[in-house]
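Values quoted throughout were computed directly from the atomic coordinates according to the rules given, and no laboratory measurement underlies them. If you're wondering where the values come from, they're calculated on a predicted model, not measured in any experiment. FYI the Cβ positions are ideal-geometry reconstructions off the backbone, even for glycines, and counts take in every protein chain you see.
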Amino acid sequence: MLRQVKTENGWVRGIEAADPRITAFKGIPFAAPPVGKNRWRAPLPCENWDGVKECYRFAPISMQWIPGLGTDIYCREWHVDPEIAMGEDCLYLNVWTNAKSADEKQPVLVWFFGGGLQCGYPAEMEFDGERIARRGIVVVTVNYRVGALGFLTHPEITAQQPDAPANFGNLDQQAGLRWVQRNIAAFGGDPEQVTIAGQSAGGGSVMSQVACPDNSGLFKNAVVMSAMIFDPYFRREVGRPELLRDAEKKGEDFFAYLGVKDLEEARAMDAVTLQRSYEKYMESHVPFFTVQDDLFCVGDPIALYRQGKCVDVNMMAGNTSTEFLNTIDAKDEKELEAEAKRLFGDKAGEFLKTPESRKNLPGQGYAPVSGIECTVKGVLSDKAAQGKGGYCYCFDPDIPGWDNPGTFHSSDLWFWFETLAKCWRPFTGRHYDLARQMCDYFCNFIRNGNPNGKDLNGETLPQWDKWSAESPCTMRFTGDGAKAEYEAQSAFGKFITERIMERMKGL
């Protein structure tokens with residue numbers, strides 16, 4: 001087993017995983033600590049070290065609100081430990097490998113966690129890479145800066161460093177990808193067969209990396225989970241990068257809130273004090289996110305992908321069945337008609353003809369098609385028309401528990417990583433069977449850019465075709481296993497999808 005590996009900066013020693021055939025290397029530095037004068041700068045090269053660095057534990061998570069103190073479902077599910085180490089020195093990654101030698105050239109998964117670019121960390125228990133590594137894939141999970149320390153912009157920052165004025169968390173991810181290119185072969189991985197994947201803001205980060213002009217050659221495949229988020233009723237822009245000049249004004253406002261007179265004072269501020277101040281600031285302000293700086297981010301990533309102005313990748317994307325369902329919340333028929341006219345103009349009549357539109361009236365529930373699902377299918381239809389389609393899925397099993405959560409946002413993560421045994425929920429045998437099947441599809445895609453092939457037992461998995469308007473295949477993951485559905489969108493779903501795609505043309 002590869003228990004000890006030489007990286008470009010020095011030797012690292014990993015630890016035996018629960019499966020002794022797998023080695024986990026936790027807390028490998030991939031960039032210099034972004035502290036002091038390096039705060040709000042692009043990641044710099046890591047210094048070399050002497051001897052052998054013991055990589056037995058996860059490094060501190062990036063500065064964010066303290067996990068485990070809330071009562072929401074995510075604190076019950078993953079963010080459970082308020083004592084977890086946290087610090088501004090956070091640019092570390094983790095590697096799982098079952099390679100016995102450095103010349104095996106196994107495919108590589110690079111994973112970006114979600115959390116709205118405000119929280120999250122690779123040490124979350126669902127991201128244990130052991131089950132994927134068992135299938136002959138080298139797993140890399142990358143930490144990155146979030147919140148104000150990862151995404152703040154300010155005119156002084158732009159003036160000081162015009163080549164990298166923003167998106168420091170995204171640049172951390174990019175630095176991790178470049179580290180993989182230079183080092184992963186030593187862990188038995190193939191730098192020419194890299195897949196990037198992420199969920200929620202991690203999936204949005206995948207799209208950002210796909211759309212970055214500087215990323216050609218860093219990866220071949222992309223998996224975007226629950227991240228092509230677009231409000232089907234256009235009341236708010238979710239995940240759309242704002243312009244640098246607008247984001248700089250927010251940075252000036254935040255500095256005023258902190259009571260600092262300039263960038264030097266802000267860089268000297270204690271990281272914990274800055275983070276806790278940011279949490280209070282967010283109670284009445286919009287958080288900091290990815291910015292269109294025309295360097296790393298040159299436009300809306302989803303729109304650029306649709307237009308083919310991005311890294312050429314094989315794509316897999318989808319959603320969970322009950323996340324982010326939207327409604328107009330009209331009080332009565334008259335208000336529904338007025339709102340439809342405001343939203344859709346001369347196409348309002350087409351919308352109102354669909355039975356589903358009535359779901360927006362009191363007591364009728366939610367619209368049955370989510371903004372994510374419509375966006376994914378519209379984008380993949382466009383790519384199919386260009387001869388470069390992708391694979392569409394919907395996660396739709398029952399999720400057990402006293403809270404009756406449905407297939408809530410992020411509930412599929414236990415299944416893709418096949419880590420259900422770490423969860424408190426009373427999963428049964430069929431859930432474990434589904435997780436094994438989903439992980440098999442995931443790993444096949446990482447290997448080949450195609451999820452089809454054999455499962456862990458050598459049996460052929462159910463066929464999963466690419467999505468297109470002519471052959472609308474969605475792989476639906478249910479409590480009874482994976483089922484390929486060839487079903488065109490309803491008139492309502494098609495209408496909403498077309499409106500979203502029209503809206504994107506202006507981005």
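Mean shadow of the range 341-442, computed from the convex hull of its alpha carbons, in nm²?
About 9.7 nm², averaged over all directions.
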Two decimals is fine: what is log10 I(q)/I(0) at q = 0.25 Å⁻¹ for the range 315-366, from a Debye sum with one equal scatterer on every Cα and no solvent?
-0.94
Descending packing, highest mean Cβ count within 10 Å first, for 433-446, 19-32, 396-409 is 433-446, 19-32, 396-409
Here the convex hull volume per residue of the range 260-312, taken over Cα atoms and given in Å³, is 137
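Mean separation of Cα pairs under 8 Å and 6+ residues apart, divided by the residue count of the chain: what relative contact order is that in percent?
13
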Alpha-carbon centroids, the range 216-290 and the range 388-423: separation in whole Å:
28
Report Rg(Cα)/(2.2 N^0.38 Å) for the chain, keeping two decimals.
0.96
Here the tail fraction of P(r) beyond 22 Å, over all Cα-Cα pairs of the range 208-300, rounds in percent to 47
Summing -39500 (n - 2.57) over the DSSP H runs of n ≥ 4 in the chain and dividing by its residue number, what mean residue ellipticity at 222 nm do you reach, to the nearest 500 deg cm²/dmol?
-9000 deg cm²/dmol
In Å, what Kirkwood hydrodynamic radius results for the range 200-356 from the alpha-carbon pair distances?
19.0
Averaging sequence separations of C-alpha pairs under 8 Å and six or more residues apart, then dividing by the length of the range 1-107, give the relative contact order as a whole percent.
34
Net charge dipole size for the range 77-208 [Lys, Arg +1 and Asp, Glu -1 on Cβ; Debye, nearest 20]
460
Computed over the Cα atoms of the range 91-188, the Rg and Dmax in Å are 15.8, 50
Principal axes of the range 25-166: Cα extent on each, largest first, Å
50, 41, 27
Would you kindly calculate the mean projected area, averaged across all directions, of the convex hull enclosing the Cα atoms of the range 411-507, in square nanometres?
8.6
